[in-house]
2 protein chains.
Amino acid sequence: MKNIAGLMGFREDVRVLDATLRDGGLVNDFYFTDEFCKELYRTNIKAGVDYMEIGYKADKTMFDKDKFGKWKFCEEEDIVKVFGDFSNEIKLGIMADVGRCNYKQDIIKKSESMLDLIRVATYVNTMPAAIDMIEDAKNKGYETTCNIMAVSTAQEGDIKVALDMLGHSPVDCVYIVDSFGSLYPEQIARLADLYCEMGAKYGKKIGMHAHNNQQLAFANTIEAVGDGVDWLDATYAGMGRGAGNCSMENLLGFLRNPKYNLYPVIKFIEEHMVKLKEEGATWGYDLQYLMTGILNQHPRTAIAFTKENRKDYSAYYNELTTQD
Amino acid sequence: MKNIAGLMGFREDVRVLDATLRDGGLVNDFYFTDEFCKELYRTNIKAGVDYMEIGYKADKTMFDKDKFGKWKFCEEEDIVKVFGDFSNEIKLGIMADVGRCNYKQDIIKKSESMLDLIRVATYVNTMPAAIDMIEDAKNKGYETTCNIMAVSTAQEGDIKVALDMLGHSPVDCVYIVDSFGSLYPEQIARLADLYCEMGAKYGKKIGMHAHNNQQLAFANTIEAVGDGVDWLDATYAGMGRGAGNCSMENLLGFLRNPKYNLYPVIKFIEEHMVKLKEEGATWGYDLQYLMTGILNQHPRTAIAFTKENRKDYSAYYNELTTQD
């Protein structure tokens with residue numbers, strides 16, 4: 001049992017990262033209005049959020065610029081156009097996927113960019129490529145994180161090797177990523193022990209990125225912070241791929257550091273997130289996401305089920321569990 | 001950290017109680033069709049559910065029979081009419097509120113009733129009246145539980161006294177009830193320790209009844225079962241007052257005892273629960289419930305907010321936090 005006194009106190013090292021534009025962008029193909037983005041930035045300042053992840057640096061030779069909003073690519077001129085009026089009160093970050101980012105060219109020097117943080121997303125088996133990207137970003141002057149996706153399907157031995165490689169790399173923070181929303185708090189506790197042990201040995205921070213398939217995104221995030229994990233991802237109204245993420249409003253309602261404020265988050269949801277939903281953006285817990293979560297599968301079939309407006313949950317469950 | 005091996009194994013003593021008709025009845029004033037109730041019963045058999053709570057034994061001198069469906073009162077003739085064709089494959093229970101149940105008269109002898117379980121709901125301060133009801137039910141031949149509501153607002157010293165009184169009573173099981181959905185898993189762990197200590201001393205089972213205000217109903221339920229709590233309440237699609245309860249589909253997807261089956265639950269939700277929602281029954285996590293949960297308040301104002309179809313979340317938050 002964790003120390004109950006910890007619920008009233010707080011750890012100064014905790015950082016909250018708003019991933020609404022990035023993980024939420026997967027819901028609406030990154031078509032956020034500039035006004036939405038600016039107001040989100042202003043709200044994050046008021047709420048005390050530490051980092052704001054604004055999108056991906058996707059390879060323009062792989063993805064058609066006409067099929068996505070600007071935050072799929074996060075070009076410097078777009079960043080300046082939307083966030084240039086603000087005086088860097090919040091650190092800005094982007095995600096760069098292994099194998100889907102032309103990083104040597106598209107990630108420019110920190111001294112020439114408004115960005116502060118490069119988050120490298122990788123599976124366990126592409127760790128050498130991830131480390132090359134981390135070193136590249138570090139050399140250019142950025143803070144870096146490594147987000148090891150889909151750990152729920154990785155072998156523990158492989159995770160240990162990956163963590164050891166990251167320990168020897170210049171990365172600043174390593175994330176536990178429950179990509180399929182399939183992990184229970186007990187499993188998060190075990191992973192947090194593993195990651196934090198590496199973090200303590202090599203001087204790395206540990207982060208948590210959760211998905212809400214089993215209605216555990218918030219529970220797993222507070223489990224992690226209780227286990228010594230410092231960087232916490234959340235999104236407004238939980239907006240994110242499929243079942244979505246840990247809700248910012250849940251998280252800031254829990255954290256006790258007085259620098260965090262819930263009220264501006266509520267205001268932003270009322271004025272902006274409710275509208276997004278009404279306009280048709282669809283995310284959040286539903287039965288099809290629970291099923292892929294329980295079965296430890298990628299939610300892509302559940303996302304398709306949602307898009308097709310299917311309601312035959314039991315037939316879908318049969319599809320998911322067919323073994324032949 | 002809990003033993004991870006426990007996630008794969010299971011405890012034979014765990015019991016699942018379906019509270020859909022009772023807690024869900026608070027959503028639609030207990031107007032369920034007989035067909036719905038019968039199909040729910042059949043589904044519970046297939047799903048391996050152990051107990052089914054079918055409603056309240058409300059005092060007919062206090063509540064108008066014309067304003068509620070039959071499960072507000074659970075008269076024996078109604079129970080027989082709807083469930084009489086089944087051969088007692090699931091134990092049936094009702095809830096009796098302290099001060100709102102004419103129990104000496106309305107609860108008949110077990111030998112003359114289809115009911116098996118009387119659940120006495122009480123606040124800490126009405127414990128002597130609750131124990132009188134428990135003794136009455138026990139003398140009539142029933143299994144009994146005591147559901148101590150709103151523990152999140154009770155003094156720990158008072159809870160200890162109440163638990164000691166219950167230890168000396170003939171009650172079979174004592175429930176941790178997070179009425180306001182305000183407790184975090186660490187707090188559930190602490191309460192579970194307190195309750196289980198009493199349970200071990202006096203030979204009582206401990207139960208968990210959670211609400212989903214902070215999206216923690218399922219997380220708190222699995223926290224509890226990991227701490228030695230045996231009786232677990234859940235409802236289909238989480239149907240229940242306000243933010244609702246721990247979802248049956250979440251819970252059965254987690255429990256490893258092969259007697260529990262998820263598929264029939266999915267089928268029932270597809271065929272019956274989706275329809276209830278489409279017909280206008282409203283429950284489940286939303287921002288107004290999160291706020292009362294965080295603030296440890298009864299959700300009655302949030303339920304009113306919902307009924308009035310209000311969307312001014314920030315104004316509501318100001319109302320909730322006004323101190324004068």
* Could you state the number of Å between the C-alpha centres of segment B:185-205 and segment A:133-185? -> 38
* Asked: Where in segment B:153-170 is the amide nitrogen less than 16 Å from a point lying 7 Å along the Cα-to-Cβ axis of residue B:193?
  -> B:156-157, B:160
* To do: Please sort A:15-26, B:142-153 by packing, taking for each peptide the average over its residues of neighbouring beta carbons within 10 angstrom, highest first.
  => A:15-26, B:142-153
* Structure fact -> Long-range alpha-carbon pairs in segment A:1-72, meaning those over 19 Å apart, account in percent for 49
* Structure fact -> With one decimal in nm and the nearest listed first, the spacings from residue B:111 to its own position in the other copies, using label points 7 Å along Cα-to-Cβ, are 9.4
* To do: Give me a single rounded figure for B:180-191: the average over its residues of other chain Cβ atoms within 10 Å of their Cβ.
  => 3
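Probe radius 1.4 Å, ligands and nucleic acids left out: which of A:236, B:31 has the largest accessible area, and how do the rest follow? Before the final figure, lay out each step's value.
Working: A:236 0, B:31 125 Å².
Greatest to least solvent exposure: B:31, A:236.
Calculate, for residue B:154 and residue B:322, the FRET efficiency according to 1/(1 + (r/R0)^6) with r their C-beta to C-beta distance and R0 30 Å; round to the nearest 0.05. Walk me through the numbers on the way to the answer.
Numbers: r = 24 Å, r/R0 = 0.80.
So the FRET efficiency works out to roughly 0.80.
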* Asked: How much FRET efficiency would the formula 1/(1 + (r/R0)^6) give for residue B:271 and residue A:64, where r is the Cβ-Cβ distance and R0 is 45 Å, rounded to 0.05?
  -> 0.60
* **Rounded to 5, the percent of DSSP beta bridges in chain B classed as antiparallel** => 5
* Cross-link reach list, lysines versus residue A:160, counting only Cα pairs under 19 Å and skipping chain neighbours closer than eight places -> A:201, A:204, A:205
* To do: Collect residues whose amide H, placed 1.01 Å from N in the peptide plane, falls under 5 Å from the amide H of residue A:239; neighbours closer than 5 in sequence don't count.
  => A:245
* Using the Karplus equation 6.51 cos²θ - 1.76 cosθ + 1.60 (θ = phi - 60°), what ³J(HN,Hα) coupling, rounded to whole Hz, does each residue of segment B:166-173 give in order, writing x for Gly and Pro? -> 5, x, 7, 8, x, 4, 8, 8
* Average other protein chain Cβ within 10 Å of Cβ, residues A:213-222 -> 5
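If contacts are Cα pairs under 8 angstrom and at least 6 residues apart, what is the relative contact order of chain B in percent? The partial results should precede the final answer.
Details: 619 pairs, mean separation 57.8, N = 324.
It comes to 18 percent, rounded to a whole number.
Percent of accessible area on segment B:29-155 owned by carbon and sulfur, 1.4 Å probe?
46
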* Working from the alpha-carbon coordinates of the protein assembly as shown, get Rg over Rh, Rh being the Kirkwood radius. => 0.99
* Under a cut-off of 22 Å between alpha-carbon atoms, report the lysines in cross-link reach of residue B:60, not counting same-chain residues fewer than 8 places apart. => B:70, B:72, B:81, B:104, B:109, B:110, B:140
* Radius of gyration and Dmax for segment A:197-282's Cα atoms, expressed in Å? -> 14.4, 48
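Take peptide A:290-299, look around each residue's Cβ out to 10 angstrom, count Cβ atoms belonging to other protein chains, and average those counts.
Working: counts 7, 4, 0, 2, 6, 1, 0, 0, 0, 0.
Taking all residues of A:290-299 together, the mean is 2.
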* In nm to one decimal, list the spacings between the residue B:128 label point and its equivalents in the other copies, with label points set 7 Å along Cα to Cβ, shortest first. => 7.8
* Asked: Can you give me the Cα centroid spacing of segment A:246-301 and segment A:66-96 in angstrom?
  -> 22
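Express the accessible area of segment A:22-180 per residue in Å², computed with a 1.4 Å probe while the remaining protein chains stay in the model.
Working: 6310 Å² over 159 residues.
It amounts to 40 Å² per residue over segment A:22-180.
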* Structure fact -> Taking only Cα atoms of segment A:52-211, the Rg to Rh ratio with Kirkwood Rh works out at 0.98
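Over segment B:19-124, consider all pairs of different Cα atoms and compute the Kirkwood hydrodynamic radius from their mean reciprocal separation; express it in Å, one decimal. If you can, show how the numbers build up before the last one.
On the way: mean 1/r = 0.0718 Å⁻¹.
Across segment B:19-124, the inverse of the average 1/r is 13.9 Å.
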* Asked: Can you list residues whose amide H is under 5 Å from residue B:15's amide H, if they're 5+ apart or on another chain and H is modeled 1.01 Å from N?
  -> B:231, B:232
* In nm, what does the list of distances from residue B:311 to its counterparts in the other copies look like, shortest first, when each label sits 7 Å along Cα to Cβ? -> 2.3
* In the neighborhood of residue A:173, defined by Cβ-to-Cβ distances under 14 Å, what is the net charge if each Lys or Arg adds +1 and each Asp or Glu adds -1? -> -2
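Enter the mean projected area of the convex hull around the alpha-carbon atoms of segment A:225-324, in nm², rounded to one decimal. Walk me through the numbers before you get to the answer.
Values: hull surface 33.3 nm².
Here the figure is 8.3 nm², rounded to one decimal.
Quick one: divide the alpha-carbon radius of gyration of chain A by 2.2 N^0.38 Å and tell me what you get. Present the calculation step by step, with values, prior to reporting the outcome.
On the way: Rg = 18.7 Å, N = 324, 2.2 N^0.38 = 19.8 Å.
Scaled against compact globular proteins, the figure is 0.95.
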* **Closest approach to the B/A rotation axis among chain B Cβ atoms, residue and whole-Å value** => B:219, 2
* **Over chain B: helical MRE at 222 nm, DSSP H runs n ≥ 4 each giving -39500 (n - 2.57), nearest 500** => -11000 deg cm²/dmol
* Please state, to two decimals, what the Cα-based radius of gyration of segment B:97-166 comes to when divided by 2.2 N^0.38 Å (N = residues). => 1.14
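Order the peptides A:244-257, B:291-304, B:102-115 from the highest to the lowest mean number of other Cβ atoms within 10 Å of their residues. Write out the running numbers ahead of the final one.
Details: A:244-257: 23.6, B:291-304: 19.0, B:102-115: 15.0.
In descending order of packing, they fall as A:244-257, B:291-304, B:102-115.
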* Asked: Where the eigenvalues come from the Cα gyration tensor of segment B:143-272, what are the semi-axes √(5λ) of the equivalent ellipsoid, largest first, in whole Å?
  -> 26, 16, 12
* Asked: Rounded to the nearest 0.05, what FRET efficiency is calculated for residue B:50 and residue A:200 with R0 set to 30 Å and r the Cβ-Cβ distance?
  -> 0.10
* Structure fact -> Here the residues of segment B:236-279 whose accessible area is at least 50 Å² smaller with all protein chains than in the chain alone (probe 1.4 Å) are B:250, B:263, B:266, B:270
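The values are calculated or read from the model by the stated rules, or taken from the named source; none is laboratory data. Please read all numbers here as calculations on a predicted model, not as lab measurements. FYI the Cβ positions are ideal-geometry reconstructions off the backbone, even for glycines, and counts take in every protein chain you see. Just so you know, the surface numbers come from the protein's heavy atoms only, side chains and all, with ligands and any DNA or RNA stripped out. Shrake-Rupley method; radii C 1.70, N 1.55, O 1.52, S 1.80 Å.
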